[in-house]
Structure formats: structure tokens, C-alpha cells
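The values are calculated or read from the model by the stated rules, or taken from the named source; none is laboratory data. This structure is a prediction, so every number in the text was calculated from the model and none was measured. Neighbour counts are summed over all protein chains in view; Cβ atoms, including those assigned to glycine, are modelled from backbone coordinates with ideal geometry. For accessibility, only protein heavy atoms count, side chains too; no ligands or nucleic acids. Shrake-Rupley method; radii C 1.70, N 1.55, O 1.52, S 1.80 Å.
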Amino acid sequence: MPSIKGINMTVGQEQQAGMKEKQVLEDLETHLTRRDTEALFQEQPQTGNQYLEDTLLRSYLKTHLPPKVLEEVHQDLERFGNRLLTKIQRLSWECELNPPVFRQFDAWGRRVDRIHTCSAWRRMKEISAEEGLIAEAYEKRYSNWSRLYQAVKLYLFSSSSGGFSCPLAMTDGAAKVIESLGNPGSLKNAFDRLTSRDPEKFWTSGQWMTERRGGSDVANGTETVARKQPDGTYRLYGFKWFTSAADSDMALTLARIADAEGQCTQGSRGLSLFFLRVRDEDGKLNNIQVQRLKDKLGTRQMATAELWLQGARAELISAEGRGVAAISNMLNITRIHNVIGAVASMRRMISLSRDYACKRVAFGKLLKDHPLHMQTLARMEASAVAVEAMESFGGQGYMEDTGLPVILRDALVLSIWEGTTNILSLDVLRSLAKSQGQVMAVFLSTVQKKLELASGTEQLSPAVQRAREAIGSLQQFMAATGSERALTMELAARDFSYSLARIYTGTLLMEHAARPDASSTDVWAALRWCNQELCPVAVESGRGSYGAGAALQDSALVFGNSRL
């Protein structure tokens with residue numbers, strides 16, 4: 001009789017055993033098939049210590065910092081880079097997974113208006129104090145180099161901050177405003193807290209400017225009214241439509257002071273700057289009601305709210321009618337933070353894309369061995385980096401749990417946050433007009449000096465030549481449009497600003513590449529940058545893009561036969 005493993009069986013039993021054996025083999029095959037199809041055999045991209053891996057940053061600091069300062073800064077930045085890698089990046093992801101929650105009423109119907117943030121977000125605030133991310137700039141341990149040192153730490157922190165870079169920008173801006181006012185006694189406590197390294201004392205600040213009638217048009221859009229009280233303080237009444245970091249401890253805000261008849265001066269001359277605490281020592285809101293939290297595309301980790309000011313107690317800190325001038329220091333600082341955040345996002349995406357290119361195999365070889373792929377990575381700039389980098393990961397770049405879409409969403413706010421590209425471009429024109437051309441003279445002089453330095457490096461001669469041609473084209477454009485109508489310069493504002501930015505960026509890259517110990521990569525970066533059109537405003541002017549006829553054609557192209 002047949003047997004299996006020494007066991008005697010009947011024919012029926014033999015058939016039954018055969019069927020079981022066949023089923024086991026089929027189940028095993030199915031399991032293996034499922035495992036093969038369910039698993040994604042691709043390695044996750046990883047980054048190491050972002051300070052140590054940033055060759056350009058380290059060479060820049062070596063070039064510009066005094067040796068003693070560099071030694072101390074290097075040690076701290078290496079330590080900070082390790083802390084980011086091992087501790088802070090995990091907190092960043094927790095902030096993304098646990099966005100703030102608004103609770104308007106308690107269980108008994110009483111209005112409480114509480115914004116609940118996750119423990120990781122609160123820990124980011126403590127870390128910001130511990131690392132002196134604001135304090136460093138105001139302690140001035142390294143004299144004029146302290147701001148640079150602070151900027152580097154913010155740059156490294158930004159892409160691992162879980163969105164906490166935004167409140168830090170406004171906190172830095174508020175501290176700068178108070179410092180520019182001479183640190184008046186009434187604001188000393190606020191300044192000390194904004195610049196503290198003690199997590200128990202550290203404050204963050206909001207910047208409440210945007211109202212329902214618009215964001216960038218502050219002069220005509222601000223409706224908040226300030227009414228003076230017998231004790232010299234003010235009560236604020238109005239609606240703030242977009243208040244970032246609504247969980248901050250204090251805020252600077254613009255309002256119009258009402259006279260005895262309740263009338264307010266309109267326009268920018270009617271705006272004054274006020275300081276207010278958001279909550280009292282018991283955590284109760286300062287006569288403020290939270291309307292709702294904003295449902296945003298990105299920066300979801302941070303609480304952005306609509307607020308009703310219903311008699312919020314505040315202190316006037318600028319001269320009456322000089323609010324815009326007083327808060328300008330805050331805007332300048334937050335714009336610097338905006339740039340730092342943009343560069344940090346680009347760096348993060350490129351670092352991940354670079355590591356992935358060393359792991360992902362496609363068509364028989366690693367991505368890094370495909371010249372077209374490397375050309376794509378080398379060409380990336382601006383917010384387009386986030387999009388191109390996502391594409392470099394293929395389908396994985398589109399998956400939420402990879403963390404890549406978060407970087408894209410958060411990066412997109414940067415071109416909106418500081419007033420949009422068009423608003424910033426018009427600010428450039430206003431600056432030129434206000435200085436009666438002196439700003440432009442300083443710009444050209446600075447660029448020429450950097451080019452003179454770079455002209456001594458033969459490898460940079462093509463870039464130097466292109467930059468000089470671009471400057472010549474820029475000057476010709478300005479001479480030709482000096483007497484043109486305002487419409488011409490308004491239409492040219494965006495291209496004009498990009499021209500200034502591209503030319504200046506090119507000269508900075510050449511200056512860095514002209515160092516005695518510069519690498520071939522430094523030179524190639526300068527050459528690649530200068531291969532693009534450096535003065536687009538001159539090109540478009542030659543094409544007739546800024547005339548009245550062009551404006552009409554643009555409108556016709558946009559609206560067509562629409563009744564609008």
C-alpha cells in the first residue's frame with residue numbers, strides 16, 4: 001500500500017492527502033504572488049546631517065566668517081543638524097498628522113473659543129527657544145555675524161519645523177519693531193520674552209494685517225477702529241480675516257484711531273500700530289472671538305483663524321498715522337524669513353531627490369546614471385523645485401505618506417504670503433521712485449564691483465560677459481522708459497524685478513566661484529545660471545509687451561467674447 005512519510009494509507013486516503021498537498025502548494029504560491037505584488041521594492045530616500053551635507057553652505061561660511069567665529073558656529077551647527085535628524089524631524093511629521101482643532105463651545109453651551117494644538121507643535125516652540133532661533137540675532141554674540149548665524153539655523157530648521165517657521169518669522173519681526181522703537185519700557189517685558197531662550201518665558205507673535213477687503217491693499221482695506229480709553233490704552237474693534245499662528249501670545253496690528261466724533265482718517269495716513277496680548281494670564285482671550293480656523297491647502301500644522309476684535313485692549317506703539325512705517329521693519333524681517341523658507345524647501349527636495357537617485361533602478365541602471373535625470377535635477381529652481389522633485393520620485397512622489405506632497409503644499413504659500421509677486425514688483429518700483437534713482441545706483445555699483453572681482457577668473461569669463469550685457473540692456477531699458485507713462489512701467493514691473501534678481505544672483509554666484517579655493521562645481525553653478533536670459537525686461541520691451549496696445553490685447557486674450 002502507498003505511504004506518505006511512513007504512514008500506510010488506503011487509496012482514498014492517498015487521494016485526500018494528495019489534494020491537501022496540492023492545496024498547500026497553491027496557498028503558498030498565492031501567498032508568494034501576493035507578497036510580490038503588495039510589496040514595493042524601493043528604498044526610502046534618507047538625508048543625513050543637513051548641515052554637513054550642504055557643501056555650498058559650509059564653503060560660504062568658511063569664506064565669510066572669521067576663523068574663531070566659524071569654529072564655534074561649526075560645532076553648534078553640526079550638533080543642531082544631528083538634533084534635527086534624530087529628534088526634530090519626527091516632531092515635524094506629528095505636526096502634519098495632528099493639525100490644530102478649534103472648539104468654540106464647551107459641553108454646556110458656553111463659548112470658550114479654544115484652539116487646541118498638538119504636543120509636537122508645543123514642543124517646537126520650546127525647541128525654538130532652546131536653540132535661540134530668535135535670541136541669536138538680538139544677543140549679538142558674534143556682532144554683525146549674529147544675523148547670518150541665525151539665518152543659517154533657521155534655514156536648517158525650516159523644512160523640519162512642522163510649519164513653526166511661520167510664527168518664528170512674525171516673532172522675529174515683532175522683536176525688530178520693538179527694537180527699532182528704542183525698546184520703550186512698556187514693551188520691555190514683551191521684547192525680553194520674544195528673544196528669550198527659556199521655553200517657560202518665550203513668546204511668539206502674530207502679525208494681524210489682512211482684513212476682509214483685501215490683503216496687500218492695507219491702506220484702503222483696514223477697517224479696524226481703535227477707541228482711546230481714559231487710562232491711555234485703546235480698545236480695538238474689527239474683523240481680522242487671516243491671522244496666522246492664532247495661538248501666539250501677542251500680536252502687532254494696524255487700526256484707525258477714532259476721534260471724539262467717531263470719525264477715522266482713511267488711507268495709509270490713518271493707520272497706527274498697536275501691541276496687544278492675545279490672552280491674559282489665565283488663558284482667557286482679550287475680548288477676541290475666534291470665528292473659525294482657515295481650511296488651507298498647506299501649512300495645515302499652524303492655526304490660522306478669522307478673529308473678531310470686540311474691544312480688545314491694546315497699546316499704541318507708533319506715532320499716530322505712522323503705523324505702516326512702524327510695521328515695515330516687521331515686513332522686511334518676515335520677507336527674509338520667506339526667502340529662507342523657500343531655499344530650505346528647495347534644498348530639502350533636492351536632497352531627497354539626490355538620495356533617491358542613488359537607490360532607484362529604472363531601465364537597468366540607477367537614476368543617477370541617466371544623464372537626462374541628472375540634467376533635470378541640476379536645472380531646478382524656484383517653487384518649481386517641489387513639482388520637479390515630486391516627479392523625480394514617480395508615483396511615490398504623489399503619495400501622502402511619503403511626506404513629499406506636504407513640502408509642495410507648504411512651499412506654495414511662500415509666493416502668496418508676502419503679498420504676491422506682482423505686489424512685491426510694484427514695491428520695487430516705489431522704492432526706485434522714492435529714492436529718486438539712488439537705490440538703482442547702489443545696485444549697479446555693487447554688481448559692477450562683484451563682476452570686477454570675478455573677471456580675474458578665466459573660467460568665469462562667459463558668465464561675466466553675459467552679466468555685463470544684461471546690465472547694459474537693463475540700463476538701455478531704463479533710459480528708454482524714463483519718460484514713458486506709468487502704464488509701461490507697471491506692465492514691466494514683474495519682468496524688471498526678475499531682471500534685477502537674476503543679474504544679482506548671477507554676480508553672487510560668480511563672486512563665490514572666484515574664490516581661490518572654489519570648486520569646479522561653484523564655477524559650473526555660476527555658468528549655468530548665467531546661461532539663461534538675465535534681463536527679460538529688455539527682451540519683452542523689444543517685443544512691444546508693455547505698450548497700451550499690448551494691455552488691450554492681453555485683456556482680449558483673457559476674456560475673449562465673454563460678457564465680463
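Could you tell me whether region 88-97 includes any residue that is over 23 Å from Ile350 (Cα atoms) and either at pLDDT below 95 or within 22 Å of the chain's Cα centre (by Cα) (or both)?
So in region 88-97, the residues over 23 Å from Ile350 (Cα atoms) come out as 97.
Keeping just the survivors that are either at pLDDT below 95 or within 22 Å of the chain's Cα centre (by Cα) (or both) gives 97.
Yes, there is a match, as at least one residue in region 88-97 is over 23 Å from Ile350 (Cα atoms) and either at pLDDT below 95 or within 22 Å of the chain's Cα centre (by Cα) (or both).
Could you check region 303-318 and list, in sequence order, the residues that are assigned to a loop (DSSP other than H, G, I, E, B), open to solvent by 10 Å² or more (accessible area, probe 1.4 Å) and not β-branched (Val, Ile, Thr)? Spell out how you get there, then give the answer.
Step one: filter region 303-318 for residues assigned to a loop (DSSP other than H, G, I, E, B), giving 303-304, 317-318.
So of that shortlist, the ones also open to solvent by 10 Å² or more (accessible area, probe 1.4 Å) come out as 317-318.
The answer is Ser318, and nothing else.
Answer yes or no as to whether Ala326 is of a type in the set (A, V, I, L, M), open to solvent by less than 60 Å² (accessible area, probe 1.4 Å), under 26 Å from the mean Cα position of the chain (by Cα) and at pLDDT 90 or above.
Numbers: of a type in the set (A, V, I, L, M): yes; open to solvent by less than 60 Å² (accessible area, probe 1.4 Å): yes; under 26 Å from the mean Cα position of the chain (by Cα): yes; at pLDDT 90 or above: yes.
In short, yes.
Considering only residues that are in a helix (DSSP H, G or I) and buried (at least 18 other Cβ atoms within 10 Å of the Cβ), which ones fall in region 448-472? First the steps, then the outcome.
Of region 448-472, the ones in a helix (DSSP H, G or I) are 448-454, 458-472.
Scanning region 448-472 gives Lys450, Leu451, Ala454, Leu460, Ala463, Val464, Arg466, Ala467, Ala470, Ile471.
Gly544 is checked against (1) of a type in the set (Gly, Ala, Ser); (2) open to solvent by 40 Å² or more (accessible area, probe 1.4 Å); (3) part of a helix (DSSP H, G or I); (4) at pLDDT below 95 and fails just one. What number does that condition carry?
The failed condition is (3).
Please enumerate the residues belonging to region 356-407 that are more than 30 Å from Ala501 (Cα to Cα) and among the charged types (D, E, K, R).
Of everything in region 356-407, those that are more than 30 Å from Ala501 (Cα to Cα) and among the charged types (D, E, K, R) turn out to be Lys359, Arg360, Lys365, Lys368, Asp369, Glu400, Asp401.
List pairs: first in region 87-106 and touching a residue at least 24 places away in the same chain (Cβ under 8 Å), second assigned to a helix (DSSP H, G or I) and aromatic (Phe, Trp, Tyr), Cβ under 7 Å, 6+ apart or cross-chain?
Matching pairs, first to second residue: Cys95/Trp121.
So in region 200-222, with the set limited to residues that are modelled with pLDDT of 90 or more and of a type in the set (D, E, K, R), which one is least open to solvent (accessible area, probe 1.4 Å)? Quick ask: steps written out before the conclusion?
To start, the set of residues in region 200-222 that are modelled with pLDDT of 90 or more comprises 200-208.
Those left that are additionally of a type in the set (D, E, K, R): 200-201.
Details: Glu200: 154, Lys201: 111 Å².
So the residue we want is Lys201.
Quick one: in region 163-189, of everything that is more than 30 Å from Leu297 (Cβ to Cβ) and touching an Asp or Glu at 6+ places or on another chain (Cβ under 9 Å), which residue is surrounded by the most Cβ atoms within 10 Å (Cβ to Cβ)?
For region 163-189, the residue satisfying everything is Leu187.
Return the total of residues in region 481-504 being closer than 20 Å to Glu533 by Cα and either without any contact (Cβ under 8 Å) to a residue 24 or more places away in the chain or open to solvent by 50 Å² or more (accessible area, probe 1.4 Å) (or both).
6
Looking at region 245-274, which of the residues that are over 20 Å from Leu194 (Cα atoms), aliphatic (A, V, I, L, M) and surrounded by 15 or more Cβ atoms within 10 Å (Cβ to Cβ) is farthest from the chain's Cα centre (by Cα)? Give the derivation first.
Applying the first criterion (over 20 Å from Leu194 (Cα atoms)) to region 245-274 yields 255-272.
Adding the requirement that they be aliphatic (A, V, I, L, M) leaves 255, 257-258, 260, 271.
Next, only the ones that are surrounded by 15 or more Cβ atoms within 10 Å (Cβ to Cβ) stay: 255, 257-258, 271.
Numbers: Ala255: 27, Ile257: 33, Ala258: 36, Leu271: 28 Å.
Restricting to residues being over 20 Å from Leu194 (Cα atoms), aliphatic (A, V, I, L, M) and surrounded by 15 or more Cβ atoms within 10 Å (Cβ to Cβ), the top hit is Ala258.
Pairs needed: first member in region 390-408, closer than 16 Å to Glu96 by Cα; second member anywhere, open to solvent by 60 Å² or more (accessible area, probe 1.4 Å) and assigned to a loop (DSSP other than H, G, I, E, B); C-beta distance under 9 Å; at least 6 residues apart or different chains.
Once the first residue is closer than 16 Å to Glu96 by Cα and sits in region 390-408, its partners that are open to solvent by 60 Å² or more (accessible area, probe 1.4 Å) and assigned to a loop (DSSP other than H, G, I, E, B) give Thr402/Gln44; Pro405/Met399; Val406/Arg300; Leu408/Ser383.
Report yes if Thr521 is open to solvent by 80 Å² or more (accessible area, probe 1.4 Å), in contact (Cβ under 8 Å) with a residue 40 or more places away in the chain and in a helix (DSSP H, G or I), otherwise no. Explain how you work it out, then say what you get.
Working: open to solvent by 80 Å² or more (accessible area, probe 1.4 Å): yes; in contact (Cβ under 8 Å) with a residue 40 or more places away in the chain: yes; in a helix (DSSP H, G or I): yes.
Taking the combined requirement at face value, the residue satisfies it.
Restricting attention to strands (runs of 3 or more DSSP E) lying wholly within region 155-274, give those where 3 or more residues are touching a Lys or Arg at 6+ places or on another chain (Cβ under 6 Å) and in contact (Cβ under 8 Å) with a residue 24 or more places away in the chain. Before you say what the answer is, go through the steps one by one.
Numbers: elements: 205-208, 225-228, 234-243, 250-257.
Result: 234-243.
Please find, within region 275-285, the residue that is nearest to the chain's Cα centre (by Cα) out of those that are free of Cβ contacts under 8 Å to residues at least 60 places away in the same chain and over 27 Å from Ile416 (Cβ atoms). Spell out how you get there, then give the answer.
Looking only at region 275-285, we keep the residues that are free of Cβ contacts under 8 Å to residues at least 60 places away in the same chain, and these are 276-277, 279-284.
Checking the rest, the ones that are also over 27 Å from Ile416 (Cβ atoms) come to 277, 279-284.
On the way: Arg277: 26, Arg279: 27, Asp280: 31, Glu281: 32, Asp282: 33, Gly283: 30, Lys284: 31 Å.
Filtering first and then ranking leaves Arg277.
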